[in-house]
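Asker: For reference, the structure I am asking about is given below.
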Amino acid sequence: MEGLNPLVLNRIEKMKALKREGVNPFANDFQVTHATRDILEEFQDKTDEDLEKIKTRFSLAGRIMSIRDFGRAFFLHVQDRTGRIQAYIRQDKIGKDNFKISKMLDAGDFIGIIGKPFRTKSKELTIMVEEIRLLTKALRPLPEKWHGLVDIETRYRQRYLDLIVNPGVKEVFYKRTRIIQLLRDFLNKRDFLEVETPMMQSIPGGATARPFKTYHNTLNMDLYLRIAPELYLKRLVIGGFERVYEINRNFRNEGMSTQHNPEFTMLEFYQSYATYQDFMNLTEEMLTCIAKTFFDGFKFEYQGVELDFTPPWSRITMKDAIVKYGELNEGDVEIEEKLLEYAKGSGLQIDKKMGLGSIQNQIFEKVVEPKLLQPTFITNYPTDISPLSRRNDKNPQEVDRFELFVCGREIANAFSELNDPIDQKQRFLEEISQREVSDDDSGILDKDFIDALEYGMPPTAGEGIGIDRLVMLFTNVASIRDVILFPQLKSRR
RNA sequence: GGGCCGUUAACUCAGUAGGUAGAGUAUCUGCCUUUUAAGCAGAGAGCCGCUGGUUCAAGUCCAGCACGGCCCA
């Protein structure tokens, strides 16, 4: 059915014609010596006299992005992983027969060229081609050369096209990788050990979210894609890996938006003998290190908001934040009736079963979060919404926990870990009893984890950072789909 | 789940008041050996997202569906 497209048919005809001329349209014997960037960097600033003295020949390969034909000569731009360079092909340089073949090239084809750089009248550094080879014939045409590929759906479904023609897209994904490298370097330097823990778990734990369910035939058992690695990483801390981290995928079977993809990448790290207070400092260091790398300073813009990452970042308790940003009377944050009244006034629907902590959290999310533009640590979370966090020594209704917000979004979540197995078991049971009846096993107590805690987990702090959102922040991108190479979409059928 | 918007040539987009579909790029044919959004002359190219309805007549109006985007829950 695709064969009906005349553009494709035309290229297939060219391919056949090339074969008749003895050209392999999928050749695999071309040696590359240089990338376009090598040549541009080395010769960009050289004088024409210097260029004429060049004796060596440069061999490079890439995809033809455009062709400008002049009859017995033509220009093209060739693109490789490092950039683009212009090439000039003349009949009198490569010979009549070769020239005839090279005129059958199309934008989109991969070629190898050998030649040396010169500068054209319009001062563009260009390769004077002495030898040109077709390496791969492209049977479909590229999207348009000036507007690029605009259609968002096609950009996501055929990301390869997006990457070929929209240079900014590659940039985002280069940066994404760079950010992850920086995080790894940062943790490795501090003696953290990178590990991998199960993605397929028989009891999905470590967060509250609906899991994806799957089935193992041989073991004859249900399995769940993990919603968090937390409980396994803690087992490793118990096992003596005092500093561990994992950067990997989590899966949550929930709504999708510009902030949510069903699979997303999370950094979780744990450090024994540290506290959530230590981690606030660590987080400042970690993220300013990225900011400095990309913006050589602490200030940068995200979607029109001028951000200032100069430490120290403000630290405020959840209750104080509600009072401050929600304009509540100080005493009212502790009084359930006052809060319910306030919540109603803000258009929040509060479930009657909710405890004080949940109500505070709901109000916080609705009223305070959107106002936290500059990096802000929120501390002293209510215990009843923090089932894995250590209780505060002075006030057991609160836990030793913080979340970091930037531009109204949660960037990090950290706490001193609960290592009292009896308290942990109790809190799991409470959490399970509060949960709606569900058809999955997400409400099952992970007894093995409790057993592990009973062997003793040293005092430890742990933190999770959503990588996708972090990358969005540093690449100034509004949708999570623009920092994930293949975001989830409905199938077209 | 709800609201609004979009879907027309390979790509980017027009399409009046309902009257049998248009441009640029790309492609093809000529001319052209320093162009770069190369240029000049000519040609071909369409399931107007899908299904139904209204109408003498639907890309256009109506309904449903699909996919996508943004906002809300």
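Asker: Would you confirm whether any residue within the range A:188-196 is more than 30 Å from A:R140 (Cβ to Cβ) and surrounded by 18 or more Cβ atoms within 10 Å (Cβ to Cβ)?
Answerer: yes
Asker: May I pose another question? Which of the helices (runs of 4 or more DSSP H) contained wholly in the range A:32-121 include at least 1 residues that are touching a strand residue (DSSP E or B) at 6+ places or on another chain (Cβ under 7 Å) and closer than 20 Å to A:P141 by Cβ?
Answerer: A:96-102
Asker: So A:R159 clears everything in (1) free of Cβ contacts under 8 Å to residues at least 40 places away in the same chain; (2) more than 8 Å from RNA strand B (Cβ to nearest atom); (3) within 30 Å of A:S491 (Cα to Cα) except one condition, right? Which one?
Answerer: (1)
Asker: So which residues in the range A:123-142 are β-branched (V, I, T) and either closer than 18 Å to A:D48 by Cβ or surrounded by fewer than 19 Cβ atoms within 10 Å (Cβ to Cβ) (or both), if there are any at all?
Answerer: Within the range A:123-142, A:T126, A:I127, A:T136 meet the criteria.
Asker: So A:L142 fits all but one of (1) over 20 Å from A:M104 (Cα atoms); (2) near RNA strand B (Cβ under 8 Å from one of its atoms); what number is the exception?
Answerer: Of (1) over 20 Å from A:M104 (Cα atoms); (2) near RNA strand B (Cβ under 8 Å from one of its atoms), only one is false for A:L142: (1).
Asker: Evaluate the range A:380-401: report whether one residue or more is touching an Asp or Glu at 6+ places or on another chain (Cβ under 6 Å), among the charged types (D, E, K, R) and part of a strand (DSSP E or B).
Answerer: No - not one qualifying residue is present in the range A:380-401.
Asker: Continuing with this model, one more query. Residues of the range A:340-373 being within 15 Å of RNA strand B (Cβ to nearest atom), modelled with pLDDT of 90 or more and either assigned to a loop (DSSP other than H, G, I, E, B) or among the polar types (S, T, N, Q) (or both), which ones?
Answerer: A:Q362
Asker: While we're on this one: Just give me the residues in the range A:443-473 being hydrophobic (A, V, I, L, M, F, W, C) and under 31 Å from the mean Cα position of the chain (by Cα), in sequence order.
Answerer: Within the range A:443-473, A:F449, A:A461, A:I465, A:I467, A:L470, A:V471, A:M472, A:L473 qualify.
Asker: Say whether the condition of being more than 16 Å from RNA strand B (Cβ to nearest atom) and over 29 Å from A:D222 (Cα atoms) is met by at least one residue in the range A:436-456.
Answerer: Taking every residue of the range A:436-456 in turn, at least one turns out to be more than 16 Å from RNA strand B (Cβ to nearest atom) and over 29 Å from A:D222 (Cα atoms).
Asker: Give the residue that is nearest to A:E130 (Cα to Cα), with candidates limited to residues of the range A:90-108 that are among the polar types (S, T, N, Q) and more than 10 Å from RNA strand B (Cβ to nearest atom).
Answerer: A:N98
Asker: Considering only the range A:471-485, I want to know if a residue exists there that is away from RNA strand B (no atom under 11 Å from the Cβ) and of a type in the set (K, R).
Answerer: Within the range A:471-485, not a single residue is away from RNA strand B (no atom under 11 Å from the Cβ) and of a type in the set (K, R).
Asker: Let me ask something else about it. It is to be established whether one or more residues within the range A:220-233 are under 16 Å from A:D191 (Cα atoms), more than 16 Å from the chain's Cα centre (by Cα), touching a residue at least 60 places away in the same chain (Cβ under 8 Å) and crowded, with 20+ Cβ neighbours inside 10 Å.
Answerer: Just the residues of the range A:220-233 that are under 16 Å from A:D191 (Cα atoms), to begin with: A:233.
Now drop any that are not more than 16 Å from the chain's Cα centre (by Cα), which leaves A:233.
Narrowing the set further to residues that are touching a residue at least 60 places away in the same chain (Cβ under 8 Å) leaves A:233.
Those left that are additionally crowded, with 20+ Cβ neighbours inside 10 Å: A:233.
There is at least one residue in the range A:220-233 that is under 16 Å from A:D191 (Cα atoms), more than 16 Å from the chain's Cα centre (by Cα), touching a residue at least 60 places away in the same chain (Cβ under 8 Å) and crowded, with 20+ Cβ neighbours inside 10 Å.
Asker: Taking A:E369 as meeting all but one of (1) buried (at least 20 other Cβ atoms within 10 Å of the Cβ); (2) in contact (Cβ under 8 Å) with a residue 40 or more places away in the chain, write down the number of the exception.
Answerer: Every condition holds for A:E369 apart from (1).
Asker: Another question, then. Of the residues in the range A:1-31, how many are in a loop (DSSP other than H, G, I, E, B), within 12 Å of RNA strand B (Cβ to nearest atom) and among the hydrophobic types (A, V, I, L, M, F, W, C)?
Answerer: 1
Asker: Next question, about the same structure. What number of residues in the range A:67-89 are within 6 Å of RNA strand B (Cβ to nearest atom), closer than 21 Å to A:T33 by Cα and of a type in the set (D, E)?
Answerer: Here the count works out to 0.
Results for (1) in contact with a Cys (Cβ under 7 Å, 6 or more places away or on another chain); (2) more than 18 Å from A:D185 (Cβ to Cβ); (3) surrounded by 16 or more Cβ atoms within 10 Å (Cβ to Cβ); (4) of a type in the set (G, A, S), shown as yes or no for each residue.
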position	(1), (2), (3), (4)
A:F264	no, yes, yes, no
A:F269	no, no, yes, no
A:Y273	no, yes, no, no
A:M280	no, yes, yes, no
A:E284	no, no, yes, no
A:D296	no, no, no, no
A:E301	no, yes, no, no
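Asker: Might you let me know whether the range A:173-185 holds any residue that is at pLDDT below 95 and either farther than 30 Å from A:T283 by Cβ or out of contact with any Asp or Glu (no Cβ under 6 Å at 6 or more places or on another chain) (or both)?
Answerer: no
Asker: Right, next: Just checking, which of A:L60, A:L51 is more than 30 Å from A:L9 (Cβ to Cβ), more than 9 Å from RNA strand B (Cβ to nearest atom), among the hydrophobic types (A, V, I, L, M, F, W, C) and more than 38 Å from the chain's Cα centre (by Cα)? Show your work before the answer.
Answerer: Numbers: A:L60 fails: more than 38 Å from the chain's Cα centre (by Cα).
Just one listed residue meets the conditions, A:L51.
The values are calculated or read from the model by the stated rules, or taken from the named source; none is laboratory data. This structure is a prediction, so every number in the text was calculated from the model and none was measured. All Cβ positions, glycine included, derive from the backbone under ideal geometry; neighbour counts span all protein chains shown.
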